[in-house]
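We did not get these values from a lab; they are worked out from the coordinates using the rules stated. The model shown is predicted, which means the values in this text are computed figures rather than measured ones.
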Amino acid sequence: MSTDDAVLARLLPGGWLVAATNIPAWLTADRVGARYTWEVLSKDPLVLADDVSYDNPHGATQHILGIDTEVDGGFVWRGRGLQRFSSAHWSVIGVSDDSTLLTLRFSRSRATQAGVSVLLRVGTRPRELRAMIAHDTARFGLTPEDFATLTWIDRHASTVGH
């Protein structure tokens with residue numbers, strides 16, 4: 001998917017829930033309710049502040065803070081704080097017509113595992129999410145193999161919109 005910086009600067013800000021993924025880190029009981037929150041720091045070049053958060057087994061929210069800089073159609077993530085020496089590469093590979101659903105592809109790095117995630121904008125209530133993506137995997141940047149490896153995180157159904 002080719003999306004220019006101006007479109008991404010409008011699309012990404014705000015909160016997103018991980019609705020499906022094949023990234024093992026988001027599929028453990030140690031990291032529940034993964035969420036991404038982006039804020040635009042600069043539009044030229046496009047630079048985002050991000051807060052990736054999740055709840056640990058004790059119910060406490062953990063945060064992974066970073067800065068995402070657009071480079072060649074994707075993003076380079078650099079951690080902040082204790083993660084400042086970590087980096088990762090990711091890109092937006094698909095977006096729904098109403099901009100409430102997006103798919104991301106992550107490259108393997110020391111900080112991240114390779115894989116894809118389906119994100120749902122906080123405050124939206126999807127209908128037939130799996131069917132919508134299954135019907136048009138290519139539009140969302142997914143191969144049939146990617147789709148087959150996704151784990152759908154239904155526990156968000158009760159928290160979407162909160």
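Only helices enter the 222 nm calculation for the chain: every DSSP H run of n ≥ 4 contributes -39,500 (n - 2.57), and dividing by all residues gives -3000 deg cm²/dmol, rounded to 500. Relative contact order of the chain, taken over Cα pairs closer than 8 Å and 6 or more residues apart, is 23 percent.
Cα centroid separation, region 2-80 to region 96-132: 11 Å.
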